[in-house]
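Structure first, then comments.
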Amino acid sequence: MRHFKKRQLKKYFRRAAGGMKRGKLTPFYANRVAEWVSWYIDHKYMTEFRPWWYDQDWSKYDLSAEHHRYFEKWATEMERISGIDHKRLNEYRLSIPKRKRLQPRPPRKEKEQPVRKLRNPQLFRIKTYGGYEYVTGEKVFEINGHSFFIHRNSGVWVVSDVTIGASVIYDERYKRAVERARTIITDNLDQYLNMAQKAI
């Protein structure tokens, strides 16, 4: 919430009241006064109404009626302070034509990152549901005499085993795929060696 200096606020009141009398009120001054009205009501609600309300026996009062009574009181105070008829001010603000929204800028299409080129491309055999097929890839690491290669498939990098052609891991990033595959094989080396022995 914006806080106005007293001198500035008095100028806004004077310009808004004068403009209303002459029928030449501008949206700028109407909106500045409306900001002050909003701040004034919030301040009065927090410092006057709430402390009073929480000290009462609620069964004896109707909240809506008490709200209305206090808001009428505050409206009278605001008119005395500002010299502005706030009903007329609200009517004027409702009559201000809405600004036409500019057409939203279409989202900028991010440039697709170029796919990393393989430095030492070779043909490798991979397992598929229909049997085997050959893909172009490159060797990335070797563990206990077993080599592993990486290739591109459906927009992701896939690390597979050279011996049995089974995929180990896939990832959108080349280096991350290699690191994850190395970790998986290293952490489960015995299981992998047993599986590879059976497949040979």
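The share of C-alpha pairs in the chain whose separation exceeds 26 Å stands at 63 percent.
The Cβ shell under 11 Å around residue 74 holds other residues with a net charge of -1, Lys and Arg each +1, Asp and Glu each -1.
Net charge dipole, the chain: roughly 2100 debye, given to the nearest 20, about the Cα centre with Cβ charges of +1 for Lys and Arg and -1 for Asp and Glu. Among the trypsin sites (Lys or Arg not before Pro) in the stretch 121-185, those located in a DSSP loop and surrounded by at most 16 other Cβ atoms within 10 Å of their own Cβ are 173. Counting only aspartates and glutamates at least 8 places from residue 73 when in the same chain, those with an alpha carbon closer than 19 Å to its own are 35, 42, 48, 62, 85.
Cross-linked pairs 109/139; 5/60; 21/100; 10/60: Cα-Cα separations exceed 31 Å for 109/139; 5/60; 10/60. In the distance distribution for the stretch 96-200, Cα-Cα pairs more than 20 Å apart total 48 percent. When the solvent-accessible area of the stretch 90-135 is split by element, carbon and sulfur atoms take up 51 percent of it, the probe being 1.4 Å. What percentage of all Cα-Cα pairs in the stretch 91-140 are separated by more than 15 Å? So the pairs more than 15 Å apart make up 74 percent of the total in the stretch 91-140.
Length gained on full extension, residue 87 to residue 176, computed as 0.36 nm times the residue gap minus the Cα-Cα distance: 25.5 nm. Placing pseudo-labels 7 Å out from each Cα toward the beta carbon at residue 54 and residue 105 gives an inter-label distance of 4.6 nm.
Please identify the longest segment of the chain free of exposed chymotrypsin sites (Phe, Trp or Tyr not before Pro), where exposed means a DSSP state other than H, G, I, E or B and no more than 13 other Cβ atoms within 10 Å.
Free of exposed loop sites, the longest segment is 130-200.
Shown is the FRET efficiency for residue 146 and residue 113, computed with R0 = 41 Å from the Cβ-Cβ distance and rounded to the nearest 0.05: 0.85.
Relative to one another, the C-alpha centroids of the stretch 121-200 and the stretch 50-100 are positioned 72 Å apart.
With all pairs of different C-alpha atoms in the average, the Kirkwood value for the hydrodynamic radius of the stretch 1-98 is 14.8 Å. For the chain, modelled as a GNM whose springs connect Cα atoms under 10 angstrom apart, the maximal fluctuation among 89, 123, 25 occurs at 123. Across the chain, the longest run free of exposed loop sites, meaning GluC sites (Glu not before Pro) lying outside DSSP classes H, G, I, E and B with no more than 15 other Cβ atoms within 10 Å, spans 1-109. Quick one: accessible area per residue over the stretch 32-124, 1.4 Å probe, rounded to a whole number of Å²? Heavy-atom SASA per residue in the stretch 32-124 reads 89 Å².
The values are calculated or read from the model by the stated rules, or taken from the named source; none is laboratory data. Predicted model only: the values in this text are computed from it and were never measured. Note that we place each Cβ from the backbone using ideal geometry, even for glycine, and neighbour counts take in every protein chain shown. Calculation scope for accessible area: heavy atoms of the full protein, side chains included, ligands and nucleic acids excluded. Shrake-Rupley method; radii C 1.70, N 1.55, O 1.52, S 1.80 Å.
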